[in-house]
Each structure stands twice: as C-alpha cells, then as structure tokens.
1. Here are the criteria: (1) exposed (fewer than 15 other Cβ atoms within 10 Å of the Cβ); (2) at pLDDT 90 or above; (3) touching a helix residue (DSSP H, G or I) at 6+ places or on another chain (Cβ under 9 Å). Tell me which single one Ser77 does not satisfy.
2. Can you say whether Tyr71 is aromatic (Phe, Trp, Tyr) and within 20 Å of Phe29 (Cβ to Cβ), as far as the supplied structure shows?
3. Residues of the stretch 12-55 being in contact with a Ser or Thr (Cβ under 7 Å, 6 or more places away or on another chain) and in a helix (DSSP H, G or I), which ones?
4. Can you pull out every residue in the stretch 64-101 that is assigned to a helix (DSSP H, G or I) and basic (Lys, Arg)?
5. Could we say that Ala76 is free of Cβ contacts under 8 Å to residues at least 40 places away in the same chain and under 16 Å from Asn115 (Cβ atoms) here?
6. Pull out all pairs, ordered by first then second residue, where Cβ-Cβ is under 6 Å, the residues are six or more apart or on different chains, the first lies in the stretch 102-120 and is more than 14 Å from Ala91 (Cα to Cα) and in contact (Cβ under 8 Å) with a residue 60 or more places away in the chain, and the second is among the aromatic types (Phe, Trp, Tyr) and surrounded by fewer than 13 Cβ atoms within 10 Å (Cβ to Cβ).
Amino acid sequence: MANDKLFVITGGPGSRKTTLLLELERRGFRCSHEVARKIIQEQVATNGDALPWANRLRYTELMLAKSIVAYRENSASPEIVFMDRGIPDCACYARLIGLPLFDDLEAACAAYRYNRSVFLAPPWPEIYAMDTERKQTYVEAVTTYEKMIEVYQDYGYFPIELPKIDPQARAEFVLAQI
C-alpha cells in the first residue's frame, strides 16, 4: 500500500532538486535528503569502492539499503514528507548501467510505495554543472531524466514535470499540485 504522505522529488543530476527541497524545508516541510550523494561522500572519505565509477553493483546495493532506511524513517510521519529521490531511482540507475534488476531491488520497489504523484526535475542546460560527486555530462543527465520517467511509470507512478523556474515558484507549483 502506498504512503500518500511521502512525495518523491527526482530527476536527472543538476536539475535543482535539492534546491527545491531546501526551499520546502525552509517553509517548514519535512524533507529527506538524497542518499546517493552521501554514499559517494562516505566512500571517497574512507577509500571505499562502492562508487558509480568503481564498484557499481555495491554502490547500487548501498543506495537501495539506505533508500529503504530513509523510507522507513519517514513513513510513520503524520505530516507530508518530501523525499529527495525514491527507491525506484535505484532501479533507474541499474537500468542505466545495464545491471540486471536483482530480486531485492524489485521487491523493494513493489513493497515501499510513495504517493503516486512523483515530481520530476527536467534537465536544465543553463544551470547544469559537474562537481566532485556529480561526474555525469549534460547528455547523461538528459538520458537519466528520460529513464526516470520510464521507470516511475513502469512502477505505476504518475510523473509531474517541474517547471524551470526559481525555487520559490517551484515550491508553489509543488504545493499547488498536492
């Protein structure tokens, strides 16, 4: 059964998802921040290899495990929670890199359900920038976005594209949708 109070905000890298979440948080909403970036930071700090440019399977497994923890930590909340990415993002990543969807990943996508309306931040060339954790090119960001739409639809969600507007107006758009 879906948890209608958990709303996923996702999309390709560098599309200002986190900026939107920070604006929603500033307005008093509870937000769960992205696990993928935390994994990269932890792995780099400890010389681990569970990285998207090293051991991709281990990275995907860690991303799934931490995404499940984030879901469980937020699912009991009586208030709306905005999630920076959802468990289906792990399936999207696996598809992007050609990794077979392992049983635990498929089971998690079926068992841990969010509100069916999912907000997707589209690629935005005017603001896209790479950094130490974001190594994807803009073309890869576009491909990721397209795959995200496909994956979320495959799992029964309804993607809503976020407009390319300032964070305050984006937050207003999201709140008007829910």
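1. Every listed condition holds for Ser77 apart from (3).
2. Numbers: aromatic (Phe, Trp, Tyr): yes; within 20 Å of Phe29 (Cβ to Cβ): yes.
Answer is yes for this residue.
3. Passing the criteria: Lys17, Val35.
4. Lys66, Arg72, Arg95
5. Judged against the criteria, Ala76 is a match.
6. Sorted first by the residue in the stretch 102-120, then by its partner, the pairs are Arg116/Phe158; Ser117/Phe158.
The values are calculated or read from the model by the stated rules, or taken from the named source; none is laboratory data. Every value quoted in this text rests on a predicted model; they were computed, and no experiment measured them. Methodologically, a virtual Cβ is constructed for each residue, glycine included, from the backbone with ideal geometry; neighbour enumeration extends over all protein chains shown.
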